[in-house]
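One structure is given below, encoded as structure tokens.
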Amino acid sequence: MEQIRTQVGIVGGGPAGLMLGHLLSLRGIHSFILEDRSQEHVIERVRAGVLEQSTVDLLHEVGLGDRLGREGLRHEGIYVAFGGERHRIPLAELTGGRAITIYGQNEVVRDLIDARAATAEPLRFEVDEVSIRDFDVQQPKIHFRHEGRHHELTCDFIAGCDGSHGICQPTIPAAQVKIYERVYPFAWLGILVDAAPSSDELVYSLHDRGFALFSMRSPHVTRLYLQVSPEEDIDQWSDERIWSELDLRLHTSDGWRPHRGPITQKGITRMRSVVVEPMDHGRLFLAGDAAHIVPPTGAKGLNLAMADVWRLAGALDKFYQSGSETELRSYSERGLRRTWRAQRFSAWMTSTLHRENSSGASGSSSAFEQRRQRAELEYLISSRAAMTSLAENYVGVPFD
Ligand code: APR
Ligand code: PHB
């Protein structure tokens, strides 16, 4: 077995792992990133696309703002649609100028991989047989196989950035973690479309037939979602069926509807919330989806991952500069505060905008729910305080 040494061993080369590696290399701290999928897969997979203000600021601060500045679409508002009308929430006006930027997660990942390649720091794709050990003592180890050869990577710390199906979190003894989970009775059917977006800003829509979302990736690519049942089979959704359902749920009385075009990708994603407490175990630190999952309605997943690794890099820097573990020891507590805040917001957005079932028979609890949702949305658009609450959570509070 080949022996290797680094300071921080990073399992997972998604946005969390890659960004952590970048932040560490800027501080002169060595890391070794291990990713089990191929580079093409990591770049091409279609994921989220909304960056909070703090994520955008961070990317600029760490030298990753060039393409983001040119190609990212800054949005100063979003629309909430119900009862056939669109209502604008002026995010920037309500938050002292903070906004969101549309820039695909895969573009962030592409920029991070390019930045890594410009350093001499290692990033290995297509590794397998990854396991971690000894993370409750001084020198934790990662075993992996790459190009048929076995390696033992000895580290000062391990960062578990391996997402919701990784190996780091399940390696922590079960008695030492608490996992909070909520499975939502919905899924999102998402499509990418080669068509110019028909609105300058996102539209979150509640319709009797369920939720729909209008989003985009660029001036030429529209991204659209439909609430469907978690058991739904994508093969039952022809392009024509998807378009007619999107038209029904999204069109508004002023004649607005999404532009149609060739569908280049489609898929169904189930929705759940997960929080792992604590986010650390000895010298292992979890970050991103390995530590928490949010339903996509609040667009918080990628942004939470960025906040985690920003905090972790700062704490590791303190340790290497001064030997102090104080910041490392508060990493989990500070992260969980932000995570639960994002869970609260995402759960609120989800419950306000999704239909539990669309029967709506009067007298049933779902009829009550529908009236409650309507009251929630009417209050939202009529109260500056309610809109501000949505806006400050949606654009994201500063990293802390
Ligand atoms: N060894 C090495 N890599 C692994 C392993 C393993 N055993 N298991 C998983 N991975 C890799 C995955 O292939 C993936 O590339 O870890 C990476 C985790 O990346 P993401 O799943 O993208 O998670 P993260 O980096 O935390 O990014 C935040 O939040 O809401 C989401 O869409 C958002 O994916 C984004 C995520
Ligand atoms: C997206 O564009 O993929 C997107 C936008 C907003 C969300 C979720 C996903 O809330």
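The residue that is nearest to Tyr320 (Cα to Cα), among those in segment 15-51 that are within 16 Å of ligand 2 (Cβ to nearest atom) and open to solvent by less than 10 Å² (accessible area, probe 1.4 Å), is Leu51.
Among residues of segment 194-207 being out of contact with any His (no Cβ under 8 Å at 6 or more places or on another chain) and either at pLDDT below 95 or among the hydroxyl-bearing types (Ser, Thr, Tyr) (or both), the one that is surrounded by the fewest Cβ atoms within 10 Å (Cβ to Cβ) is Ser199.
Being under 30 Å from Lys318 (Cβ atoms), of a type in the set (Ser, Thr, Tyr), in contact with an Asp or Glu (Cβ under 9 Å, 6 or more places away or on another chain) and touching a residue at least 60 places away in the same chain (Cβ under 8 Å) narrows it down to one residue among Thr6, Thr55; which is it?
Thr6
Applying the selection to segment 182-231, what residues are part of a loop (DSSP other than H, G, I, E, B) and within 12 Å of ligand 2 (Cβ to nearest atom)?
Pro197, Glu201, Leu202
If the condition is being touching a residue at least 60 places away in the same chain (Cβ under 8 Å) and under 24 Å from Leu59 (Cα atoms), then segment 341-352 contributes Gln343, Ser346.
Conditions (1) closer than 14 Å to Val80 by Cα; (2) modelled with pLDDT under 95; (3) open to solvent by 20 Å² or more (accessible area, probe 1.4 Å); (4) not in a loop (DSSP other than H, G, I, E, B), marked per residue:
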{"site": "Tyr331", "(1), (2), (3), (4)": "no, no, no, yes"}
{"site": "Trp340", "(1), (2), (3), (4)": "no, no, yes, yes"}
{"site": "Arg344", "(1), (2), (3), (4)": "no, no, yes, yes"}
{"site": "Thr350", "(1), (2), (3), (4)": "yes, no, no, yes"}
{"site": "Ala361", "(1), (2), (3), (4)": "no, yes, yes, no"}
{"site": "Ser366", "(1), (2), (3), (4)": "no, yes, no, yes"}
{"site": "Ala375", "(1), (2), (3), (4)": "yes, no, yes, yes"}
{"site": "Leu390", "(1), (2), (3), (4)": "yes, no, no, yes"}
{"site": "Asn393", "(1), (2), (3), (4)": "no, no, no, yes"}
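Here the condition is being over 19 Å from Leu316 (Cα atoms), surrounded by fewer than 20 Cβ atoms within 10 Å (Cβ to Cβ) and among the hydrophobic types (A, V, I, L, M, F, W, C); of Ile167, Ile191, Ile172, it holds for Ile167 alone. Pairs are defined by a Cβ separation below 6 Å, a sequence spacing of at least 6 or placement on different chains, a first member in segment 28-40 that is touching a residue at least 40 places away in the same chain (Cβ under 8 Å) and closer than 19 Å to Val309 by Cβ, and a second member that is in a helix (DSSP H, G or I) and among the hydrophobic types (A, V, I, L, M, F, W, C); the pairs so defined are Ser31/Leu24. Any residue that is of a type in the set (A, V, I, L, M, F, W, C), within 16 Å of ligand 2 (Cβ to nearest atom) and touching a residue at least 12 places away in the same chain (Cβ under 8 Å) - is there at least one of those in segment 307-316? No, the conditions are met nowhere in segment 307-316. Selection over segment 140-172 of residues that are part of a loop (DSSP other than H, G, I, E, B) and touching a residue at least 60 places away in the same chain (Cβ under 8 Å) gives a count of 10. State all residues of segment 299-329 that are within 16 Å of ligand 1 (Cβ to nearest atom) and open to solvent by 20 Å² or more (accessible area, probe 1.4 Å); if no residue qualifies, say none. Answer for segment 299-329, where residues must be within 16 Å of ligand 1 (Cβ to nearest atom) and open to solvent by 20 Å² or more (accessible area, probe 1.4 Å): Ala299, Gly301, Trp310. Within segment 221-250, the set of residues being within 17 Å of Ala196 (Cβ to Cβ) and open to solvent by 30 Å² or more (accessible area, probe 1.4 Å) comprises just one member, Val221. Here Leu112 clears all of (1) in contact (Cβ under 8 Å) with a residue 60 or more places away in the chain; (2) within 16 Å of ligand 1 (Cβ to nearest atom); (3) surrounded by fewer than 18 Cβ atoms within 10 Å (Cβ to Cβ) except the condition numbered (3).
The values are calculated or read from the model by the stated rules, or taken from the named source; none is laboratory data. Every value quoted in this text rests on a predicted model; they were computed, and no experiment measured them. FYI the Cβ positions are ideal-geometry reconstructions off the backbone, even for glycines, and counts take in every protein chain you see. Remember, those area values only see protein heavy atoms, side chains included, never the ligands or the DNA or RNA. Shrake-Rupley method; radii C 1.70, N 1.55, O 1.52, S 1.80 Å.
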